[in-house]
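Student: The structure is given below, and queries will be raised subsequently.
The values are calculated or read from the model by the stated rules, or taken from the named source; none is laboratory data. Source: prediction; values computed, not measured. In this analysis, Cβ positions are derived from the backbone assuming ideal geometry, glycine residues included, and neighbour counts consider all displayed protein chains.
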Amino acid sequence: MNEETLKRLDGVEVGVDASNIPVMFQNKQAIQFIFREKKEPEIREIITEVPAGATGEKDDRAEFQNLLHISPDAIFIQELDGTILDVNPAAASMQGLDRGSLVGKKIVQILPDDKQTEASENIKKLLRGSMESFECAIVRIDREEVPVEIRAKQIFYLDNPAVLLMMRDTRLNSKHSLELDQLQGKLTQSEKLVAEQEKNLILLEERYNAGKEKIENLIKDVDAANEAMKVLQTQLGESESTLESSARERKKLEAEIRRVQEDQDNSLTERKVLLSRLQKAERELKKAQGEKPLLEDKLKLAEHQSKKLEEKLTKKEEENQVIRTKLRKLGELIMNENS
């Protein structure tokens, strides 16, 4: 990093630290230049009296007084021998005195008796740069000790060498740290609560998806059962049609018997044979009629066992087919005998 001087548009020269690094820009090799304006020290060196002929004297004084007034930290300006030359409102408030009561005192007079020598040595170390800050305490007018962190910088005050002491109440840092720890604890607790709620939400989503899947499967099962019921209803209708057909065949047989009975020339043996066949046909017909309630019961059971009912209905159709075949053969036999 190199020290460079840049000129602004208003002609003012600004000191900067310059550096450069190779970079890629729009897929091409390039060099990036970085200019960083030099920062002023944390405690600014203010010269309130400027050499003759210089400009900005009133502005510098006003700026210095403004910094003293608005600083939240206590600022003491002392001579090299430790005599207080000026203080800001924060310093006067920390002491519980007004500005006039502090000016002219020695800085060690506001320190505890057992800390005055050590504090004086530490201030010298601060001015030499061998120490950045140190902690001590100051004694208020009411004898209350206030823990502070002290920093120091050598400056010029009214064109004479002086020392600027900045004191910060460390109790504020502790209070802020405690509040920060409390906020951090609340934040951690909130993060845990949010994580737990997110976990519960995921579990609820999983349960919802599982329940949704079960409902979809139940709907599919109900649709399948309805389709099976339609098939069974169709098969039942066919069975009822078969029973009606058997009834018609019975009527035909009865008519044939009446015709045979009217025929006085037929032998008694033929009449017994016909009666026997008629009784057999009636038994077959009653058997078929007795199976109709069974089919209706099986239809109700088919809502839960549709596959088994289909097999039973198929078997029943085969039995009905046998009955129809027997009835047809019996009818044919009767007709053949009559012919």
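Student: On the given criteria, is E216 touching a Ser or Thr at 6+ places or on another chain (Cβ under 9 Å), modelled with pLDDT of 85 or more and assigned to a helix (DSSP H, G or I)?
Tutor: Working: touching a Ser or Thr at 6+ places or on another chain (Cβ under 9 Å): no; modelled with pLDDT of 85 or more: yes; assigned to a helix (DSSP H, G or I): yes.
In short, no.
Student: Further, regarding this structure: Report, by residue number, each residue of region 300-339 that is of a type in the set (D, E), assigned to a helix (DSSP H, G or I) and under 60 Å from the mean Cα position of the chain (by Cα).
Tutor: Let us first name the residues in region 300-339 that are of a type in the set (D, E), namely 303, 310-311, 317-319, 332, 337.
Retained after the next criterion (residues that are assigned to a helix (DSSP H, G or I)): 310-311, 317-319, 332, 337.
If the condition is that a residue be of a type in the set (D, E), assigned to a helix (DSSP H, G or I) and under 60 Å from the mean Cα position of the chain (by Cα), then E310, E311 are the ones that fit.
Student: Does region 96-114 contain at least one residue that is among the small types (G, A, S) and either buried (at least 16 other Cβ atoms within 10 Å of the Cβ) or assigned to a strand (DSSP E or B) (or both)?
Tutor: no
Student: Kindly indicate whether any position in region 78-85 is buried (at least 20 other Cβ atoms within 10 Å of the Cβ) and not in a strand (DSSP E or B). Please lay out each step first, then the result.
Tutor: If we filter region 78-85 for residues that are buried (at least 20 other Cβ atoms within 10 Å of the Cβ), which is where we start, we get 78, 84.
Next, only the ones that are not in a strand (DSSP E or B) stay: none.
No - not one qualifying residue is present in region 78-85.
Student: Could I ask something else about it? Just to check your reading of the model, which residue among E135, E121 is exposed (fewer than 13 other Cβ atoms within 10 Å of the Cβ) and in a strand (DSSP E or B)? Before you say what the answer is, go through the steps one by one.
Tutor: Numbers: E121 fails: in a strand (DSSP E or B).
Exactly one of E135, E121 is exposed (fewer than 13 other Cβ atoms within 10 Å of the Cβ) and in a strand (DSSP E or B), namely E135.
Student: Under the condition of being under 13 Å from L80 (Cβ atoms), under 55 Å from the mean Cα position of the chain (by Cα) and not assigned by TED's automatic domain parsing to the domain that holds M94, which residue from region 138-171 is surrounded by the most Cβ atoms within 10 Å (Cβ to Cβ)?
Tutor: L165
Student: Just to be sure before I move on: is K298 assigned by TED's automatic domain parsing to the domain that holds K252 and at pLDDT 85 or above in the structure I sent? Full working, then the answer.
Tutor: On the way: assigned by TED's automatic domain parsing to the domain that holds K252: yes; at pLDDT 85 or above: no.
So K298 does not fit the description; no.
Student: Follow-up. Kindly indicate which of D113, D59 is at negative phi, acidic (D, E) and modelled with pLDDT of 70 or more.
Tutor: Values: D59 fails: modelled with pLDDT of 70 or more.
That would be D113, the only listed residue that is at negative phi, acidic (D, E) and modelled with pLDDT of 70 or more.
Student: Under the condition of being without any contact (Cβ under 8 Å) to a residue 60 or more places away in the chain and farther than 15 Å from D142 by Cβ, which residue from region 85-99 is farthest from the chain's Cα centre (by Cα)?
Tutor: Just the residues of region 85-99 that are without any contact (Cβ under 8 Å) to a residue 60 or more places away in the chain, to begin with: 87-90, 92-93, 95-99.
Subsequent filtering for residues that are farther than 15 Å from D142 by Cβ retains 87-90, 99.
On the way: V87: 55, N88: 52, P89: 51, A90: 48, R99: 58 Å.
Selected residue: R99.
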